[in-house]
Structure formats: C-alpha cells, structure tokens
Ligand SMILES: Cc1cc2nc3c(=O)[nH]c(=O)nc-3n(C[C@H](O)[C@H](O)[C@H](O)COP(=O)(O)OP(=O)(O)OC[C@H]3O[C@@H](n4cnc5c(N)ncnc54)[C@H](O)[C@@H]3O)c2cc1C
C-alpha cells in the first residue's frame with residue numbers, strides 16, 4: 001500500500017480503548033470498549049475494530065443507550081486467525097482503531113410479531129442488543145414504513161442458541177433471566193455434544209440448533225406471514241436454516257460471520 005493510501009485509511013479511522021475484559025473459555029472473551037468519539041449504531045449492527053492495520057467486523061452486544069460498546073469474541077487460533085490472536089493479547093487500557101460508522105442491515109424487522117432469533121455462540125450477539133434496547137426504550141422499534149403496524153405488546157422473541165459446550169453460552173444467565181421475567185421472551189439453548197465431559201450436568205436441549213428450529217417453530221403454531229426468522233453466526237447453520245425455510249412464507253434474515261471457503 002502506498003503511504004498516501006495508508007494515510008487516507010488512517011484519516012477515516014477513529015480509536016477506542018478497552019475498559020473491561022472478561023474471559024469465558026480458552027477461546028471466548030468479552031470486551032467493553034470506549035470510543036474516542038461518539039459512536040452511533042442500531043441494535044443488530046456491527047462495528048469494525050483493528051490492531052496493527054488488521055480490521056474485522058464485530059456485532060455489538062450492548063444497546064445503543066449504554067455508555068460503552070460490548071463485544072463477544074471467539075479466538076480463531078493461528079495460522080488461520082489474524083486479528084483475534086492479537087485481540088486475545090489485549091487487556092484493559094489497550095487502544096484499537098475503530099471505523100467511525102456502524103454498519104449492517106441485520107436489525108429488528110418491526111413489521112413482524114414473532115421473532116425467531118437463531119444463533120451459534122457469538123451469533124446471539126445482535127439479539128442481546130435488540131432485546132436490551134427493546135426493554136430500555138418504549139419508542140423502539142420505530143414502526144415499519146409499510147404494512148400493518150405491530151403493537152409493542154404483541155412482539156414475541158424466541159432466542160434459539162446452539163453451542164458445542166454449555167460454557168460457551170455467553171449470555172445464558174441474562175437470557176434465562178429475561179425469559180423468566182417476561183412472557184414475551186423465550187430462551188432455548190442446545191448443546192451439540194451432550195455426551196462429552198464438558199457438558200456434564202446439562203439438562204437442556206441436545207443437537208445442532210439448525211436441526212431443532214423447525215420443530216420449535218412448528219410447536220409455536222405461529223402464522224408464517226407474521227414471523228421473521230433470523231440466523232446469525234456459523235455459515236453452515238445459516239445455510240441449513242435458510243434451506244429449511246426456502247419457499248415458505250416466513251421472512252428470513254441472515255448475518256454470516258465468515259464464509260465457508262475463506
Ligand atoms: C458482520 C459480521 C459480524 C461479526 N461479528 C462477530 C462477533 O460478534 N464475534 C466474533 O467472534 N466474530 C464476529 N465476526 C467474525 C470476525 O469479523 C472475524 O472474522 C473473526 O473474529 C476472525 O478474525 P481473524 O482475523 O482472527 O480471522 P480471519 O482472518 O477473519 O479468518 C481466518 C479464517 O477463520 C475463519 N473464521 C472466521 N471466524 C471464525 C470463527 N468464529 N470460527 C471458525 N472459523 C472462523 C475464516 O473463514 C477464515 O478462514 C463477524 C463477522 C462479520 C462479517
């Protein structure tokens with residue numbers, strides 16, 4: 001890259017500082033970052049952070065009302081992973097670059113009553129932001145521009161999360177708490193390796209979450225025209241859910257965290 005091109009990119013970047021870090025497992029951690037400049041986003045959108053010129057997209061966990069941006073990150077070990085091994089070395093006080101604008105169209109679709117939010121591990125991140133905002137802000141979501149408006153009290157949220165191991169559910173306590181408190185929120189976690197020692201004591205659902213979605217949605221008995229299915233995270237999970245609902249009247253939205261042939 002020429003010096004001029006590098007300077008142009010730098011000029012488009014702002015910075016942020018890590019203010020808190022929590023390690024969940026050997027390869028999953030959460031960080032909270034404080035942007036140097038005000039940073040606006042919609043629940044479900046992502047920010048782009050960078051270290052040593054390597055930049056990647058991360059969906060935002062926090063609600064826009066929160067002071068800091070919360071991220072939930074899975075480390076892709078070297079030699080495949082590029083940024084995450086560097087992020088994994090960082091602690092409180094470390095500075096990173098931040099693209100000044102959030103991006104993404106994986107946001108709540110306000111014209112639907114039923115929201116089936118399917119994710120794998122870090123793929124639940126956008127749903128946490130959506131739910132936190134929904135619970136904090138009576139003006140959210142803004143009504144849909146077309147179609148019949150759905151009253152806020154008619155929204156129903158179902159978070160379906162799949163992980164290999166039960167210690168990978170980064171937001172299970174929060175989601176279980178929300179599901180206990182609110183009859184319009186349900187949380188359905190499933191582990192795909194139930195017989196392994198790491199899942200000892202697991203009493204919930206078993207199997208890959210993509211294989212459980214149809215059964216779960218079928219039992220709800222929802223009207224497909226009133227239902228949006230969101231899938232986020234692992235590309236194979238997304239492809240399978242998309243295939244199951246192709247040609248139906250359900251609305252389908254997806255956010256792939258990586259491409260399979262990467
Ligand atoms: C819109 C969007 C939002 C995202 N949000 C998040 C998020 O909230 N949390 C998060 O951890 N990641 C998220 N990602 C993925 C993130 O951008 C990085 O790709 C990921 O952190 C790996 O970065 P890396 O530089 O270490 O590896 P890369 O250089 O990006 O990828 C190296 C290789 O690993 C594969 N790969 C990438 N991610 C994974 C993974 N998680 N598991 C297995 N293989 C993988 C890629 O296909 C590639 O072959 C998001 C991606 C997109 C496009």
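Quick notes
- Principal-axis tilt of helix 235-245 within the chain, Cα atoms, nearest 10 degrees: 30
- Cα convex hull volume per residue for region 193-260 (Å³): 103
- Cα-projected label distance for residue 164 with residue 139, points at 7 Å along beta-carbon direction, nm: 4.5
- One way to sum up the overall shape of region 98-250 is the equivalent ellipsoid from its Cα gyration tensor, whose semi-axes run 25, 18, 16 Å, largest first.
- Compared with the direct C-alpha span, the chain from residue 40 to residue 20 gains 5.2 nm at full extension, assuming 0.36 nm per residue.
- Alpha carbon Rg of the chain, scaled by the compact-globule rule 2.2 N^0.38 Å: 1.03
- Look at where the Cα atoms of region 160-198 and of region 72-127 average out, and the two centres are 18 Å apart.
- Over region 1-139, the ratio between the Cα radius of gyration and 2.2 N^0.38 Å evaluates to 1.09.
- Computed from the C-beta positions of residue 3 and residue 105 and an R0 of 30 Å, the FRET efficiency is 0.30 to the nearest 0.05.
- Gain upon complete extension [residue 52, residue 214; 0.36 nm per residue less C-alpha separation]: 54.0 nm
- Taking the longest Cα principal axis of the chain as reference, the axis of helix 172-181 is set at about 40 degrees.
- Principal-axis tilt of helix 125-136 within the chain, Cα atoms, nearest 10 degrees: 70
- Relative to the current alpha-carbon distance between residue 27 and residue 223, full extension at 0.36 nm per residue lengthens the span by 66.6 nm.
A short reminder: the numbers here are calculations on the coordinates, not readings from a lab. Here the structure is a predicted model, which means the values were calculated and not measured. We place every Cβ from the backbone using ideal geometry, glycine too, and count neighbours over all the protein chains shown.
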